[in-house]
Amino acid sequence: MPYLKAFSEDEYRSAKRYLSTQVASMMGRKLEEGDWSSVYCLAKGIPDGKWSNLNIDINHKGLGLELKALRISGAKSKSLKSVCGTTLMHPAATRSIRIDDTSLPADEVMIDVFKQYADLIRDRTQKVRALSPDIEPDMRTGWLIWEDTLEEFLYFEEKMHIPNPEDYIAAWNTTPAKGSRKASKSLWIYDKSTRQKRYSVTTSAGVKIQPYFDVPLPDDENLYYFRAQSEPVDAYTVRLWITSATANALRAGLGSLDKGVVSDAILKAIEEHSHNLKGPELDDGLAVPVDITKESYRKLSTVWDTVSDEHKAQLLLKALS
């Protein structure tokens, strides 16, 4: 399935700035799909209808976009691009599915599950059409892949797909009870031609469809890569992304955000305040890029226990005060 263009060049640059701003304000907390929804809408100039588990996430001028975010744990030792060209599983495409009888043949249950899933997509398509009756709905799924440090992100879109039962085969899989975990039964659905698993449908602790999706290759023109924190500029420079409030405070205290000035201040502050500091309260603002030397970044990252670029900058401010 071909991937779709999501951003113009200007929108892509705006998305990076807004994403860096969002990450700076999060202070290391877990990313939610609503965070990316807000960034996406700001970058494209779309009214933010607020992310929802129940309705289509974005419904604007014929665009119907369902946003899904997936965290890749333990990716700090390698680039997030290492997942490109692989197949990943999302834990829940939808929970709006029911399975009444798990004793029925797997293929029979698969047909019923796909019918419910198709009805859900058609219902959402109709809502997009109702809001923009003169435009043919463009129904898409947007996949955001992120990692624990909130430094790297991948995003791509593809056409929202109604699976044809004739293209798939299904089998029941039972996981036996182990310790305090009860036995569970899942419906595994495979592509007939490739023999690859494409869906897993859980029946315990709530029925949900878990889709498998293919990540584009790194050079795909419709794969968007974002470095939202600690961005390598060259062999000697790292770019921090911090809030405008913190940037203004640093500029006022140091007289400049010049790379040499900030880097020297970091090295001096580290030398004088090697113990962990508690930063000031976070203020609002659009993220500002601040370049520092790679050496000062290394010390800033290893001496103080921090969760983000913004946190690093706040501790520097504290040390300078």
Quiz item: Rolling a 1.4 angstrom probe over the protein heavy atoms, how many square angstrom per residue are accessible across the chain?
Solution: 51
Quiz prompt | Carbon and sulfur %, accessible surface of the chain computed with the full protein complex present, 1.4 Å | solution = 50
Quiz item: Which whole-number percent of Cα pairs in segment 1-46 have a distance greater than 17 Å?
Solution: 36
Quiz item: Just ARG140, ARG71, ARG298 to compare: in a GNM of the chain, with alpha carbon springs under 10 Å, which one fluctuates most?
Solution: ARG298
Quiz item: For the chain, what is the mean residue ellipticity at 222 nm derived from helices alone (per DSSP H run of n ≥ 4: -39500 (n - 2.57); sum divided by total residues; nearest 500 deg cm²/dmol)?
Solution: -10500 deg cm²/dmol
Quiz prompt | Taking only Cα atoms of segment 1-149, radius of gyration then Dmax in Å | solution = 17.6, 53
Quiz prompt | Rg and Dmax [Cα atoms of segment 104-155; Å; Rg one decimal, Dmax integer] | solution = 17.1, 46
Self-check item: Heavy atoms of ASP167 accessible to a 1.4 Å probe, total area in Å² rounded to 10
Solution: 80
Quiz prompt | the chain, dipole about Cα centre (Lys/Arg Cβ +1, Asp/Glu Cβ -1), debye to the nearest 20 | solution = 820
Exercise. Could you tell me which of rounded, prolate or oblate describes segment 192-258, using a ≥ b ≥ c as the square roots of the eigenvalues of the alpha-carbon gyration tensor, with rounded for a/c under 1.5 and, failing that, prolate when a/b is larger than b/c and oblate otherwise?
Key: oblate
Quiz item: When you count, for each residue, the other Cβ atoms within 10 Å and take the mean per peptide, how do 117-126, 34-43 rank with the highest first?
Solution: 34-43, 117-126
Quiz item: Along its principal axes, what span do the Cα atoms of segment 65-108 show, with the longest given first and each in whole Å?
Solution: 45, 24, 18
Self-check item: Candidate aspartates and glutamates - alpha carbon under 20 Å from LYS294, same-chain residues fewer than 8 apart omitted
Solution: GLU151, GLU152, GLU231, ASP234, ASP258, ASP264, GLU271, GLU272, ASP305, ASP309, GLU310
Quiz item: Relative to the longest principal Cα axis of the chain, at what angle does helix 309-320 sit, 0 to 90 degrees, rounded to 10?
Solution: 20
Self-check item: Crossing angle, helix 244-254 versus the chain [Cα axis fit, 0-90 degrees, rounded to tens]
Solution: 20
Quiz item: Excluding ligands and nucleic acids, what accessible area in Å² is computed for GLU136 using a 1.4 Å probe, to the nearest 10?
Solution: 130
Practice problem: Let me know the Kirkwood hydrodynamic radius for the chain, please, with Cα pairs as the basis and the value in Å to one decimal. | Solution: 22.1
Exercise. May I ask for the percentage of alpha-carbon pairs in segment 150-275 that lie more than 20 Å from each other?
Key: 69
Practice problem: Answer rounded, prolate or oblate for segment 123-185, using the Cα gyration tensor with square roots of eigenvalues a ≥ b ≥ c: rounded when a/c is under 1.5, else prolate when a/b is larger than b/c, else oblate. | Solution: oblate
Self-check item: 12 Å cut-off, amide nitrogen to a point 7 angstrom out along LYS268 Cα→Cβ, residues in segment 236-260
Solution: 253-256
Practice problem: Just list whichever of LYS127/LYS185; LYS68/LYS197; LYS44/LYS115; LYS5/LYS259; LYS78/LYS185; LYS5/LYS312 have alpha carbons separated by over 30 Å in the model shown. | Solution: LYS127/LYS185; LYS44/LYS115; LYS5/LYS259; LYS78/LYS185; LYS5/LYS312
Quiz item: By how many degrees, 0 to 90 and rounded to 10, does the Cα axis of helix 106-131 deviate from the longest principal axis of the chain?
Solution: 60
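The values are calculated or read from the model by the stated rules, or taken from the named source; none is laboratory data. In this text the structure is predicted, and so the values were computed from the model without any measurement. Positions of Cβ are backbone-derived with ideal geometry, glycine not excepted, and every protein chain shown enters the neighbour counts. Ligands, DNA and RNA are excluded from the accessible area calculation, which covers all protein heavy atoms including side chains. Shrake-Rupley method; radii C 1.70, N 1.55, O 1.52, S 1.80 Å.
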